[in-house]
Amino acid sequence: QVQLVESGGGLVQGGGSLRLSCAASGRTVSSYAMGWFRLAPVKDRDFVAAISQSGVGTYYVDSVRGRFTISRDNAKNTVYLQMNSLKPEDTAVYSCAADPSGVPKLRLGPAYWGQGTQVTVSS
């Protein structure tokens, strides 16, 4: 079992930045692909970004590419999402996810989810 706890959400003005953190416990997550999804009101939960077990491979949805950066510190069992140039349409609950089978499986349906952290971007 892996437990994931997100932090770092909040209210920010458009154009601002936030850094989300996802602390994992229960298992060493260096063998897990990690990622972020978001759920906005009246929308489906969408994939945002993912990072491979080694950290070499990173993947983004087109709408955040160039603005968001996913990274991981396996020594700290933590994954980060640096969000820059935030837009009101980025407003959502952001959830961390993990899967031992790799990024393709994680994107389809991760094995583990965090509870989520609210990000609100004002215009």
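Do you know which residues across the stretch 40-72 are modelled with pLDDT of 95 or more, out of contact with any helix residue (DSSP H, G or I) (no Cβ under 9 Å at 6 or more places or on another chain) and among the charged types (D, E, K, R)? Once the filter is applied, which keeps residues that are modelled with pLDDT of 95 or more, out of contact with any helix residue (DSSP H, G or I) (no Cβ under 9 Å at 6 or more places or on another chain) and among the charged types (D, E, K, R), the stretch 40-72 yields Asp46, Asp62, Arg65.
Which is in contact (Cβ under 8 Å) with a residue 12 or more places away in the chain and out of contact with any strand residue (DSSP E or B) (no Cβ under 8 Å at 6 or more places or on another chain), of Ser25, Ser17, Ser21, Ser30?
Unique residue meeting the criteria: Ser30.
Among the residues of the stretch 49-87, the one identified as open to solvent by 50 Å² or more (accessible area, probe 1.4 Å), farther than 18 Å from Gly114 by Cβ, among the basic types (Lys, Arg) and not in a strand (DSSP E or B) is Lys87.
If you go through the stretch 18-39 and pick out every residue that is open to solvent by 50 Å² or more (accessible area, probe 1.4 Å), modelled with pLDDT of 95 or more and more than 16 Å from Gln115 (Cβ to Cβ), you end up with 1. Filtered by the rule that a residue be within 17 Å of Thr91 (Cβ to Cβ) and of a type in the set (Lys, Arg), the stretch 3-60 gives Arg19, Arg38, Lys43, Arg45. Each residue in the stretch 1-17 was checked for being assigned to a loop (DSSP other than H, G, I, E, B) and either open to solvent by less than 60 Å² (accessible area, probe 1.4 Å) or under 17 Å from Tyr80 (Cβ atoms) (or both), and 7 pass. If we keep just the residues of the stretch 24-45 that are part of a strand (DSSP E or B) and within 18 Å of Leu106 (Cβ to Cβ), which is nearest to the chain's Cα centre (by Cα)? Out of the qualifying residues, it is Trp36.
The values are calculated or read from the model by the stated rules, or taken from the named source; none is laboratory data. Note that the structure is a prediction, hence the values are computed from the model and not measured. With ideal geometry, Cβ positions are generated from the backbone for all residues, glycine too; neighbour counts draw on all protein chains shown. Note: areas computed on protein heavy atoms with side chains; ligands, DNA, RNA excluded. Shrake-Rupley method; radii C 1.70, N 1.55, O 1.52, S 1.80 Å.
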